[in-house]
Amino acid sequence: MNKLQITLAVIKPHVVKNLFALESIQKRIECEFEVVGIREVVISREMAERFYAEHRSKFFYNRLLSFITSGPSVALILAAENAVSKWRQIMGPTKVYKTIYSEPDTIRGQFGLSDTRNACHGSDAMESALNEINVFFPDFDFEEWRKNHPTL
Ligand SMILES: Nc1ncnc2c1ncn2[C@@H]1O[C@H](COP(=O)(O)OP(=O)(O)OP(=O)(O)O)[C@@H](O)[C@H]1O
C-alpha cells in the first residue's frame with residue numbers, strides 16, 4: 001500500500017563540493033519529493049557519533065567519521081509516498097564499486113567514489129528517519145507536520 005512518509009537524506013561532503021553533482025541531485029529530488037527541510041551543515045564529531053552510533057564497532061568507523069566531518073554536507077527532510085524506499089532506490093546500493101556497473105543511473109552509481117565516499121545517505125525506516133531528522137533538524141515538529149498531512 002502506498003503511504004505518505006518522510007525520510008532523511010544527506011548529501012555527503014565530496015558531492016557538496018561538486019556544484020554540477022549537487023545541482024543534478026537537487027533537480028532529481030525536486031521532481032520526486034516535497035522538500036520539507038533543507039540545511040547545509042558541517043557535521044561535528046559529536047553529531048557524527050550520534051548519527052553513526054550503530055557502526056561504532058565497524059572497521060570503517062574512523063574513516064567514516066573523518067570523511068563525514070571533513071566539509072559541508074546537505075541534509076534534507078523529504079516527503080513522498082513510500083519516501084524511505086523511494087529515496088533508497090534513487091540512491092542505489094551502498095557498495096559503489098559494484099553499483100557503478102550494476103546501477104549506473106543511481107546517485108551512488110553516478111557520484112560515488114568509494115564505499116565510504118558513496119555520495120549520500122538515506123534512512124532505512126520511518127523510525128530511524130525520525131531519530132536521524134532529530135540530529136539535523138532538532139526543531140522539526142513531526143506531530144505538527146503530520147496534522148497538515150492526514151494521509152501519513
Ligand atoms: N565496507 C565499507 N567500507 C567503508 N565504508 C563503508 C562500508 N560499508 C558502509 N560504509 C559507510 O558507512 C555508511 C553506513 O553504512 P550502511 O551499511 O548503513 O549503508 P547504507 O544504509 O547503504 O548507507 P547509509 O546508512 O549512509 O544510507 C555507508 O553509507 C558508507 O558511507
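The values are calculated or read from the model by the stated rules, or taken from the named source; none is laboratory data. This structure is a prediction, so every number in the text was calculated from the model and none was measured. Cβ sites come from the backbone with ideal geometry, for glycine too, and all protein chains shown count toward neighbours. Side chains are part of the model used for accessible areas, which takes the heavy atoms of the whole protein and leaves out ligands, DNA and RNA. Shrake-Rupley method; radii C 1.70, N 1.55, O 1.52, S 1.80 Å.
Values as computed for the structure displayed
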{"item": "Per-residue SASA entry for Ser123, accessible area with 1.4 Å probe, Å² rounded to 10", "result": "0 Å²"}
{"item": "Unsatisfied cross-links (Cα-Cα over 31 Å) in the set Lys3/Lys58; Lys17/Lys95; Lys17/Lys147", "result": "Lys3/Lys58; Lys17/Lys147"}
{"item": "Longest to shortest principal axis, alpha-carbon extents of the chain, angstrom", "result": "41, 33, 28"}
{"item": "Cα-based shape type of the range 91-152, given that a ≥ b ≥ c are square roots of the gyration tensor eigenvalues and the cut on a/c is 1.5", "result": "prolate"}
{"item": "Accessible-area composition of the chain, carbon plus sulfur, in percent [1.4 Å probe]", "result": "50 percent"}
{"item": "Hits among aspartates and glutamates - C-alpha to C-alpha of Lys98 under 16 Å, sequence gap 8 or more where chains match", "result": "Asp115"}
{"item": "Accessible surface, per residue, of the chain when the full set of protein chains is kept, probe 1.4 Å, Å²", "result": "55 Å²"}
{"item": "Euclidean distance of C-alpha centroids, the range 77-104 and the range 107-138, integer Å", "result": "10 Å"}
{"item": "Charge-dipole axis of the chain as Lys and Arg at +1 and Asp and Glu at -1 on Cβ define it, positive-most pick from Val42, Ala80, Leu64", "result": "Leu64"}
{"item": "Under the Karplus curve 6.51 cos²θ - 1.76 cosθ + 1.60, θ = phi - 60°, whole-Hz ³J(HN,Hα) for the range 43-49, x wherever Gly or Pro sits", "result": "5, 7, 4, 5, 4, 5, 5"}
{"item": "Within the chain, longest stretch clear of exposed trypsin sites (Lys or Arg not before Pro) (DSSP loop, no more than 12 other Cβ within 10 Å)", "result": "59-152"}
{"item": "Check: the chain dipole with +1 on Lys, Arg Cβ and -1 on Asp, Glu Cβ, in debye", "result": "600 debye"}
